[in-house]
Structures are given as C-alpha cells and as structure tokens.
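Have a look at the structure below, then the notes.
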Amino acid sequence: KESKDQLVIDAGQKHFGATMCKSCGMIYSASNPEDEMQHVQHHHRFLEGIKYVGWKKERVVAEFWDGKIVLVLPRDPSYALRKVEDVQELVDSELGFQQVVSQYPNKTKTFLFISDEKRVVGCLIAEPIKQAFRVLSEPTGPESLSSKECPRAWQCSNVPEPAICGISRIWVFRLKRRKRIARRLVDTLRNCFMFGCFLSTDEIAFSDPTPDGKLFATKYCNT
Ligand code: ACO
Ligand code: ZN
C-alpha cells in the first residue's frame, strides 16, 4: 500500500512540480510546454534587461564587497536613461503596476545596485514629496477581515505629515533577496537625496507598498 501512495505522489510531482530557473529566478512548470515557452521568453528579456555593460560616465555613489550603487538623474546620457527604463519595465511587470505617472519627472532619482556579475540586481526610484500618510499597524481581530480580502489596503492615517522623499519603487532580483541590498539602497538614498544631509526615516515614505515592501519598510524603519 505504501508503495502505491508513493507512486501517486511521484506522478503528481512530475506533472505539477514547479521549478525555479537558477539564472532568471522564474518559477514555472517545466513539464508544461506553454509554461516552458513563457519561461524562455521571460528568461531572455529579463537577463537582457538587467545586463549592465558599464558606462563611460557613471555616478558611483556607494561601493561594497559585492557590488556598487550607481545614481541616474533625468538629464543623464540616453544610454543610462534607456537602461533605467528597461529595468523599470521589468520591475513594474513583476509588481503588476500600471504605468505610474511621476509627479516630478525631472526630479526623479534612480539608484541601481550593480552586482559583481555586471547585473542590475536592485533598483530604487525616488522623488520629492511634500506629505505622506503614516501606515497604521495592521488591525487585529474580526475587523481585520477587509485587509485580508485586499492585502494592499493597509490602514493609513488621514492626517498628512510632512515628508521629503517618496520611494515609488524598490525592487531586488529574486535570487539576490535577503542580502541587505534593499537596505543599502535606502541608506544610500537617505545620504544622497538632499545635498549635505542625511534624511531621517520620518522624512522618507514608501508609496503603495506590497506585502514584501511593507515587511521590509517596517523592519528598516525600526532599526
Ligand atoms: N519577509 C520578511 N522580512 C523581510 C522581507 C520579507 N520578504 N524582506 C525584507 N525583510 C526584512 C528582514 O528583516 C531583512 O533583514 P534580515 O534578512 O536580516 O532578516 C530586512 O527587511 C532587510 O532586508 P533586505 O535584505 O535589505 O531586503 P531585500 O534586499 O531582500 O529586498 C524587497 C526587499 C525590495 C522588498 C524585495 O523583497 C523585493 O524586491 N520584493 C518584490 C518587489 C516588491 O514587492 N517591492 C516593494 C514594492 S513597494 C514600493 O516599491 C514602494
Ligand atoms: Zn530562466
């Protein structure tokens, strides 16, 4: 009887088993031709998108043992802006964001974390803001039902508080997460956003955070 059960489980895994590609990080079912084709398409587009060839004029704002952070500003050469656009497109499609219109497109600052393998493995897009609404801690008990149904609807205070810098996107390549890349991007942003001062965590705000984004932001702002 035991061996029969085992057989069923094996067959199930073969058919439904999900694989994660070790280069692009996509999770897909290798036994499903449609899935496999989607993976091949994503694989090439993604690896092309995060490829970083190095620029003649690059603004290195931080250096680490495992990579560096490059800042791109709106008036930079078109090859730099094009790379930012490509990366943003990948990030937005992963986050399921629609085209988000920036309030101050000529004041946007984009920070790219470049790995030693010459890939863009992290991206932070920031812009100036005047006010933000503090996210209140998640309600517990029966009234938390609505937040379960709509995990993005975090409860926000309706009292605006002054803020200086809004993080409109933060993203780290799936295979490089939990290596403090996001933390180093935000530290660098706080140091570089306004000349000559280090922004406090009260002066930065995360816009419309995802569940991952909220876990990171909560941890970051409390340490
Ligand atoms: N679950 C629980 N805690 C987390 C998580 C998580 N998924 N991610 C980060 N943290 C906490 C941890 O305490 C972590 O420290 P530890 O690893 O020592 O425990 C601390 O935050 C610092 O984490 P980093 O390693 O700096 O974060 P990482 O480089 O992995 O990037 C990020 C975090 C950007 C949220 C990444 O998970 C990601 O790209 N997710 C998908 C895209 C996304 O949802 N981005 C946020 C969108 S919201 C916005 O853009 C405004
Ligand atoms: Zn792949």
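The values are calculated or read from the model by the stated rules, or taken from the named source; none is laboratory data. Everything numeric in this text was worked out from a predicted model, so none of it was measured. Ideal geometry is used to build each Cβ from the backbone, glycine not excepted, and the neighbour counts take in all protein chains shown. In case anyone asks, the SASA skips ligands and DNA or RNA and just uses the protein heavy atoms, side chains included. Shrake-Rupley method; radii C 1.70, N 1.55, O 1.52, S 1.80 Å.
For the stretch 157-207, what is the accessible area per residue in Å² when the probe is 1.4 Å?
Per residue, the stretch 157-207 has an accessible area of 53 Å².
What's the ranking of 108-120, 35-47 by average number of surrounding C-beta atoms within 10 Å, highest first?
108-120, 35-47
Going through the cross-link list 56/107; 51/176; 51/219; 83/219; 56/176; 68/214, which pairs have a Cα-Cα distance over 21 Å in this structure?
From the list (56/107; 51/176; 51/219; 83/219; 56/176; 68/214), the Cα-Cα distance tops 21 Å for 56/107; 51/219; 83/219; 56/176; 68/214.
Using a 1.4 Å probe on the protein heavy atoms, what percent of the accessible area of the stretch 51-135 belongs to carbon and sulfur?
Solvent-exposed carbon and sulfur of the stretch 51-135 make up 50 percent of the total.
How much length, in nm to one decimal, is gained on full extension between residue 48 and residue 157, taken as 0.36 nm per residue of separation minus their Cα-Cα distance?
Separation in residues times 0.36 nm, less the Cα-Cα distance, equals 35.1 nm.
Carbon-plus-sulfur fraction of the accessible area of the stretch 167-213, 1.4 Å probe, in percent?
The value for the stretch 167-213 is 49 percent carbon and sulfur by accessible area.
Using a ≥ b ≥ c from the Cα gyration tensor of the stretch 42-125 (square roots of the eigenvalues), is it rounded, prolate or oblate, where a/c under 1.5 gives rounded and otherwise the larger of a/b and b/c decides, a/b for prolate?
oblate
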